[in-house]
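Below: the structure, in structure tokens.
The values are calculated or read from the model by the stated rules, or taken from the named source; none is laboratory data. Computed from a predicted structure; not experimentally measured. Ideal geometry is used to build each Cβ from the backbone, glycine not excepted, and the neighbour counts take in all protein chains shown.
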């Protein structure tokens, strides 16, 4: 049996909020993961590519210049499966 892990992939596309072409490094939603992990990762992909999470949280991009590497900050609702604490806990349970 292989170890449970979360893979990443790189996507390139036009960002609707930043108005520029960007490269994303995003986690791939693991099909064999429990619902909480799949939903949390799916929502993080949505917020990364659209700027807004289904819970209503939006990305604070700060100041960005073309060619710059950055990470946007997101404050999800407490019950959102994409909330960092909730997602980390769900991933830990799954990968034991």
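Can you find, within the range 44-67, the residue that is modelled with the highest pLDDT among those that are assigned to a loop (DSSP other than H, G, I, E, B) and closer than 16 Å to residue 11 by Cα? Before you say what the answer is, go through the steps one by one.
Kept after step one, since they are assigned to a loop (DSSP other than H, G, I, E, B), are these residues of the range 44-67: 51, 53-57, 61-67.
Now narrow it down to the ones that are closer than 16 Å to residue 11 by Cα: 51, 67.
Values: 51: 89, 67: 74.
Among them, the one singled out is 51.
For the range 65-75, state whether one or more residues are over 23 Å from residue 91 (Cα atoms), in contact (Cβ under 8 Å) with a residue 12 or more places away in the chain and surrounded by 13 or more Cβ atoms within 10 Å (Cβ to Cβ). So that I can check it myself, show each step before the final result.
Within the range 65-75, the first condition is being over 23 Å from residue 91 (Cα atoms), and the residues that meet it are 65-70.
Remaining after also requiring in contact (Cβ under 8 Å) with a residue 12 or more places away in the chain: 66.
This time we only want the ones that are surrounded by 13 or more Cβ atoms within 10 Å (Cβ to Cβ), so: none.
Checked the range 65-75: no residue is over 23 Å from residue 91 (Cα atoms), in contact (Cβ under 8 Å) with a residue 12 or more places away in the chain and surrounded by 13 or more Cβ atoms within 10 Å (Cβ to Cβ).
List pairs: first residue in the range 2-26 and over 16 Å from residue 45 (Cα atoms), second residue exposed (fewer than 11 other Cβ atoms within 10 Å of the Cβ) and modelled with pLDDT under 85 anywhere in the structure, Cβ distance under 8 angstrom, at least six positions apart or on different chains.
Pairs found: 20/66.
When only residues in the range 1-35 that are assigned to a loop (DSSP other than H, G, I, E, B) and under 15 Å from the mean Cα position of the chain (by Cα) count, which is surrounded by the fewest Cβ atoms within 10 Å (Cβ to Cβ)? Before you say what the answer is, go through the steps one by one.
Applying the first criterion (assigned to a loop (DSSP other than H, G, I, E, B)) to the range 1-35 yields 1-7, 15-20, 28-34.
Within this subset, residues satisfying the condition of being under 15 Å from the mean Cα position of the chain (by Cα) are 6-7, 15, 28-30.
Numbers: 6: 14, 7: 8, 15: 17, 28: 11, 29: 16, 30: 16.
Per the stated criteria, the residue is 7.
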